[in-house]
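What follows is a short report on a single structure.
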Amino acid sequence: QVQLVESGGGLAQPGGSLGLSCAASGIAFRLYLMGWYRQAPGKQRELVAQITFGGTTTYTDSVKGRFTISRDNAKNTVYLQMNRLKPEDTAVYYCNGKLALNDYWGQGTQVTVSS
């Protein structure tokens, strides 16, 4: 059974930091393209960051220089470190894993940035 379980969401003040984790099971994690997506109320889900099996990273422009995606293949875990948070970062954040036709999602974790 494939599971992607996110943790680490919550409330942060503007300019603050939060770290998200996604623990995967039931997949050959080290082979997967892992990503973080987010969906704000009334908006479409968007890609935030991705990391390949080889460690190459990509980011959407709005988070470049503020967010960092990383992975630990020994722990089957992908991380998203979010710094200098802005109110517009408020959304439900989803972990995603892709390999060929396989496409798996976590249940999502809420991130709220507000003073």
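Hey, what do the phi angles of segment 99-104 turn into as Karplus ³J(HN,Hα) couplings, whole Hz, using 6.51/-1.76/1.60 and θ = phi - 60°, x for Gly and Pro?
7, 6, 8, 7, 8, 10
Starting at the first residue of segment 81-88, write each ³J(HN,Hα) from the Karplus equation 6.51 cos²θ - 1.76 cosθ + 1.60 with θ = phi - 60°, in whole Hz, x for Gly and Pro.
For segment 81-88, the Karplus-derived couplings read 8, 10, 10, 6, 5, 10, x, 6 Hz, x marking Gly and Pro.
Using unit Cβ charges (K, R positive; D, E negative) and no other charged atoms, how large, in debye to the nearest 20, is the dipole of the chain about its Cα centre?
With only Lys, Arg, Asp and Glu charged at Cβ, the dipole is about 140 debye.
What percentage of the solvent-accessible surface of segment 1-73, computed with a 1.4 Å probe over protein heavy atoms, is contributed by carbon and sulfur atoms?
Numbers: 1880 of 3830 Å².
Result for segment 1-73: 49 percent of the exposed heavy-atom area is carbon or sulfur.
Tell me the per residue accessible area of the chain using a 1.4 Å probe; a whole number in Å² is fine.
With the other protein chains kept in place, the chain gives 53 Å² per residue.
Below 18 Å, Cα to Cα, which aspartates and glutamates can LYS75 reach? Residues fewer than 8 away in the same chain don't count.
The reachable aspartates and glutamates, counting only those whose Cα sits under 18 Å from LYS75, are GLU6.
Report the percentage of all Cα-Cα pairs in the chain whose separation exceeds 22 Å, rounded to a whole percent.
On the way: 1698 of 6555 pairs.
Tail of the P(r) past 22 Å holds 26 percent of the pairs.
Could you tally the net charge around SER62, taking each other residue with its Cβ under 15 Å from the Cβ of SER62, Lys/Arg +1 and Asp/Glu -1?
+3
Picking from PHE67, TYR104, TYR94, whose Cα lies most toward the positive end of the charge dipole for the chain (charges on Cβ: Lys, Arg +1; Asp, Glu -1)?
PHE67
Among the lysines, which have Cα under 21 Å from the Cα of LYS43 when same-chain residues fewer than 8 positions away are ignored?
LYS64, LYS86
Need one number: % antiparallel among DSSP beta bridges in the chain, to the nearest 5.
Of the beta bridges lying entirely in the chain, close to 95 percent run antiparallel.
The values are calculated or read from the model by the stated rules, or taken from the named source; none is laboratory data. Computed from a prediction, not measured in an experiment: that's the story for all the values here. Every residue, glycine among them, receives a Cβ derived from its backbone with ideal geometry; neighbour counts consider all protein chains shown. Accessible surface is based on the protein model in full, side chains and every heavy atom, while ligands, DNA and RNA are left aside. Shrake-Rupley method; radii C 1.70, N 1.55, O 1.52, S 1.80 Å.
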